[in-house]
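Below: the structure, in structure tokens.
The values are calculated or read from the model by the stated rules, or taken from the named source; none is laboratory data. These numbers were taken from a predicted model, which means no experiment stands behind them. Because the Cβ atoms are built from the backbone with ideal geometry, glycine has one as well, and the counts that use them run over all protein chains shown.
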Amino acid sequence: MKWSILFLATVLALDSGAQEKRPNILFAFADDWGRYASAYGKLEPGSPNDLVKTPNFDRVAKEGILFRNAFVTAPSCTPCRSSLLSGQYFWRTGQGAILQGAKWDAKIPSFPLLLEKSGYHIGYTSKVWTPGTPVHAPYGGKAKSYDRKGSEINRFSQHVEKSATIQEGKEQLYQEVRGNFADFMADRKDNEPFCYWFGPTNCHRKWTQGSGKRHWGIDPDDLKGKLPPFLPDVPIVREDFADYLGEAQAFDAMLGVLIQQLESQGELENTLIVVSGDHGMPGMPQGKCNLYDFGVAVPLAIRLPKAAHGGRLVEDFVNLIDLAPTLLEIANEKPLDIMSGRSLVPLLVSDKNGTIDVTRDHVVVGRERHVAKARAGQLPYPQRAIRTKDYLYIRNFKPERWPMGSGPGMGAPAGPMPPFEKLRENTFVAFGDLDGSPTKAWLITHRDDPEIDRYFKIAFGRRPAEELYDLRKDPHQMTNVADQSNYEDTKAVLSGRMLSTLRNTGDPRIMGDGSTYDRPPFAGATQ
């Protein structure tokens, strides 16, 4: 508890008679939002971050801490959230480790419910902390949804598109955000600390084609030469990317509404603000459902109460499982021993930039099953990876399977490839682990073009048992050097470190016969 006491004393300037006053928490967590925010633009010149404008995220970063190396444990919604909320690797969360068919195990602690039990008023808007119907016992039971003023924010571009004017449509949605938060605050008792989870899904497919330019002024042509090299730099892909950046700006605008509400109610300086996303871009090769940076790297900014220790850039590697013990410690609660994550409080109360804790030099991430029917028998595509400053090492446990699921000509189902419109609108007609999108449809329908074939194979082709990328030379992870003799020692070291973590945390994929996840529904251990 010593860091918690230091945090409260330093940041909140409380005297010994006021230590019951604990900070509020605003947790803004965007579905499918990868590391795309203008605060990262200066760090990555020449990238799509040159175009996106996120002034509210940037404010949190400027008045707080911007994390350059934040990653999720799994690039799929349910396992990412189960790990974040429990503070454990996703393979320790039972059926929370899979997307479809998941069931939250009430024996697994969840940090919002632990906060509720300790006296916090908690509530959420939109997507939140348990797959399916929440089961709160034994860690709480009063958690409440605040969507009474509407949930159109989750269809942001669709709502704006059908409105009388763009600005009128946006303002209707901002008012929805205000109203839902006001309902949450109205249920709060006097001086009761609160934890509010804001989880809009507008960055998740589908969004309105062309909305990035129409709604936010993001010209797809300005993305020429800025797309990552694993994407074809063609008009339809640039427009798809621009529309995604527009949804990121929509999320940022809603975040701004909440910050304004905190300011107007005099709560900002006693509120910790955490802003992040649950994995990379959907419907794009290398993104969602992949262990490359485009799939697992996420934005993270944390603003302390009273804007203490602000304006810092932290290079330490952070896994989002670190947030659960962090928020508990900040609330003056002891993180549970079962939690795999490590509290970020020492980083938050530091006044340093760059690397603060030299032991935070890597993260371990993984993936099992995303869409249940992507492969016959609901089989997953099991992967684990370790990411350091200089390298990404990936172990594909079943390289004979198709990483994005099967499609005509590449495993079952047999038959002709579906037409463009069906591939764009229906995720499940082919390669079900890549969301339906204009980009997906274009790649598949242009696969016979010799200039496009390599992009198609990057997206859907089989992968070797081991992948290794030298990030010093290959930041976009395009050239696998796992079989090169001069990397043998590096590969062995990284593999050993990763496997040690998997063994120490009881990963069913390597403990025993490794078939736990191959038997749907998954019935793995919770410890």
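Some points to look at:
- Considered as a group, the residues in region 273-306 that are among the hydrophobic types (A, V, I, L, M, F, W, C) and within 9 Å of the chain's Cα centre (by Cα) include one that is surrounded by the most Cβ atoms within 10 Å (Cβ to Cβ), and that residue is V296.
- Only residues that are farther than 18 Å from A74 by Cα and either in contact with a helix residue (DSSP H, G or I) (Cβ under 9 Å, 6 or more places away or on another chain) or assigned to a helix (DSSP H, G or I) (or both) were counted across region 379-390, and they come to 1.
- Residue count for region 352-389, restricted to those that are modelled with pLDDT under 95 and surrounded by fewer than 17 Cβ atoms within 10 Å (Cβ to Cβ): 3.
- Hits in region 68-126 (condition: over 14 Å from the mean Cα position of the chain (by Cα), closer than 25 Å to S500 by Cβ and assigned to a helix (DSSP H, G or I)): S86, W91, R92, G94, G96, A97
- Residues located in region 431-453, provided they are part of a loop (DSSP other than H, G, I, E, B) and either of a type in the set (S, T, N, Q) or buried (at least 18 other Cβ atoms within 10 Å of the Cβ) (or both): F431, G432, D433, L434, D435, G436, S437
- Here the condition is being in a helix (DSSP H, G or I) and closer than 24 Å to I394 by Cα; of F456, F428, it holds for F456 alone.
- Which listed residue is acidic (D, E) and more than 24 Å from the chain's Cα centre (by Cα), from E267, E239, E247: E267
- Exactly one residue out of G283, G266, G256 is in contact with a helix residue (DSSP H, G or I) (Cβ under 7 Å, 6 or more places away or on another chain) and either farther than 19 Å from T54 by Cα or assigned to a loop (DSSP other than H, G, I, E, B) (or both): that is G283.
- Matching entry among K213, K170, K189 (being under 30 Å from G280 (Cβ atoms) and surrounded by fewer than 19 Cβ atoms within 10 Å (Cβ to Cβ)): K213
Residue-wise test of (1) aromatic (F, W, Y); (2) touching an Asp or Glu at 6+ places or on another chain (Cβ under 7 Å); (3) modelled with pLDDT of 95 or more; (4) assigned by TED's automatic domain parsing to the domain that holds V237.
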| site | (1), (2), (3), (4) |
| --- | --- |
| Y40 | yes, no, yes, yes |
| P48 | no, no, yes, yes |
| K53 | no, no, yes, yes |
| R59 | no, no, yes, yes |
| G64 | no, no, yes, yes |
| F67 | yes, no, yes, yes |
| A74 | no, no, yes, yes |
| S86 | no, no, no, yes |
